[in-house]
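I have placed the structure first, in the form of structure tokens, so that the comments after it can refer back to it.
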Amino acid sequence: MPVRFIMIGGFLGAGKTTTISRLAREYQHQGKRIGVVTNDQASNLVDTNTLRAQGLQVEEVPGACFCCRFDELVARVGALQAAQRPDIILAEPVGSCTDLVATVIQPLQDLYAGQFEVAPYTVLFKPSHGLRILRNQMAGGFSPKAAYIFKKQLEEADAIALNRIDELSSLEIADIAALVAHQFPNTPLLRISATTGAGFKGLVEWLDQRGAFGRKILDIDYDTYAEGEAELGWLNATAHLHSPRPFDLDGLLLRILEELAIHCRTLGGEVAHLKLIGMDEALAFAVGNLVSSSSRPTLSLPSGLKPLRAELIINARVAMEPALLEAEVKRVVQRECDQLGVAAHFRTSQSLRPGRPVPTHRYAVAKS
């Protein structure tokens with residue numbers, strides 16, 4: 001029997017990990033076995049660790065997008081199938097990637113017909129940047145080339161899911177709905193909150209549909225796409241924290257994110273997403289997020305922990321030079337830890353700009 005493959009797209013900070021976590025719980029309540037595949041330009045993902053800490057079976061495809069590591073994606077799904085025979089695979093692509101219908105969905109449907117049953121491709125709409133991008137207001141804080149990626153993600157979706165409705169006024173929701181209806185007139189718009197679960201019954205019903213989905217092949221300029229991705233600085237880092245006295249892990253994550261937001265604004269680097277996870281020795285954890293330079297940082301998963309030791313994982317995606325991003329992150333982490341009497345020792349750190357996407361397969365015409 002084919003495994004159901006559900007890929008949830010969306011820009012950096014759109015809420016893909018929280019959505020996948022809630023979808024996993026929804027399907028588990030139905031008695032289904034779930035596997036998850038995450039994806040990033042580098043290793044040491046907050047997303048992977050967060051989902052594993054919730055008891056999910058997770059495989060990771062690092063180093064490039066699903067489209068450029070297609071065979072690795074299939075191999076990671078195979079590893080999940082060998083380990084637990086999942087009924088459903090939930091896949092989270094890199095948030096700066098697009099053209100996934102032509103390079104992931106169509107190849108899966110064509111080359112692995114009978115092994116995978118692909119669900120309608122749903123892309124999350126990120127309000128903090130999306131409203132400004134669709135209004136053409138300074139590209140939502142990004143360059144027009146990065147905004148180009150955001151719009152192309154929406155263009156290839158079978159459905160667009162407006163996430164974070166719990167954070168929006170009714171006027172903002174209506175404004176976004178009108179913009180989406182005007183610019184993507186044939187694409188359904190769902191309204192959800194991955195945090196509260198609002199609208200998730202409708203999302204699950206949508207994803208359960210069968211039919212002619214995953215057929216929107218983009219007319220896309222790969223030069224613009226590559227240049228838009230390359231404008232983002234990427235940092236994945238890990239640090240060991242220890243203190244002679246218990247320290248407030250949640251408070252520390254928020255202080256770090258607040259200071260990084262200030263520094264990014266000062267340096268003119270728009271935040272796409274900053275994610276932190278702190279884990280104690282018992283693997284209890286807290287997760288903090290900052291989804292734009294103008295947003296307030298939040299604890300998506302507060303812990304209440306006051307450990308003596310913890311591991312910190314940092315994923316930063318900001319429109320600035322990677323070396324500068326790395327230096328600022330390390331400086332802020334060290335300073336905020338010092339103020340709490342916490343010693344911070346960085347163990348790994350990888351900063352980069354994404355390379356040009358070179359898909360393993362690209363279908364110019366939908367075959368199924």
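Rule-based calculations on the coordinates, nothing more; no lab input. Computed from a predicted structure; not experimentally measured. FYI the Cβ positions are ideal-geometry reconstructions off the backbone, even for glycines, and counts take in every protein chain you see.
Calculated from DSSP H runs of 4 or more alone, at -39500 (n - 2.57) each and per residue, what is the 222 nm mean residue ellipticity of the chain, nearest 500?
Numbers: 11 runs with 131 residues, N = 368.
After summing the helix terms and dividing by the residues of the chain, the value is -11000 deg cm²/dmol.
I'd like to know which of Ala14, Thr50, Gln28 lies farthest towards the positive end of the charge dipole of the stretch 7-61, counting +1 on Cβ of Lys and Arg and -1 on Cβ of Asp and Glu. Value computed over the given set: Gln28. Remark: the Ala198-Ala212 segment gains 2.3 nm on full extension, using 0.36 nm per residue and subtracting the alpha carbon distance.
For the chain, give the magnitude of the charge dipole about the Cα centre (Cβ charges: +1 Lys/Arg, -1 Asp/Glu; no others), in debye to the nearest 20.
Values: 38 positive and 40 negative charges, 77 e Å.
Result for the chain is approximately 380 debye, rounded to the nearest 20.
Taking Cβ atoms as reference points and 14 Å as the exclusive limit, the residues near Ala261 contribute a net charge of 0, counting Lys and Arg as +1 and Asp and Glu as -1.
Return a whole-number percent for the relative contact order of the chain, with Cα pairs under 8 Å and 6 or more residues apart as the contact set. Could the numbers behind the result be given before it?
Values: 798 pairs, mean separation 78.8, N = 368.
Computed over the chain, the figure is 21 percent.
Axis of helix 249-267 versus longest Cα principal axis of the chain: the two differ by about 80°, to the nearest ten degrees.
Once you sort the root eigenvalues of the Cα gyration tensor of the stretch 233-352 as a ≥ b ≥ c, which label holds: rounded (a/c under 1.5), prolate (a/b larger than b/c) or oblate (the other case)?
Numbers: a/c = 1.83, a/b = 1.55, b/c = 1.18.
Prolate, because a/c is 1.5 or more and a/b exceeds b/c.
Within the shell defined by Cβ-Cβ distances under 10 Å, the residues around Ser128 carry a net charge of +2, with Lys and Arg each +1 and Asp and Glu each -1.
Which length gain, in nm to one decimal place, applies between Gln183 and Leu283 when the Cα-Cα distance is subtracted from 0.36 nm times their residue separation? Walk me through the numbers on the way to the answer.
On the way: separation 100, 0.36 × 100 = 36.00 nm, distance 4.47 nm.
Here the answer is 31.5 nm.
Roughly how tilted is helix 144-155, in degrees to the nearest 10 and between 0 and 90, from the longest Cα axis of the chain? For helix 144-155, the angle is close to 50 degrees. Here each label is just a point 7 Å from Cα along the line to Cβ, and for Gln334 and Thr266 those points are 1.6 nm apart.
Give me the extension gain from Ala364 to Tyr222: residue separation times 0.36 nm, minus the current Cα-Cα distance, reported in nm with one decimal. Please report the intermediate quantities before stating the final value.
Values: separation 142, 0.36 × 142 = 51.12 nm, distance 1.36 nm.
Extra length available between Ala364 and Tyr222 comes to 49.8 nm.
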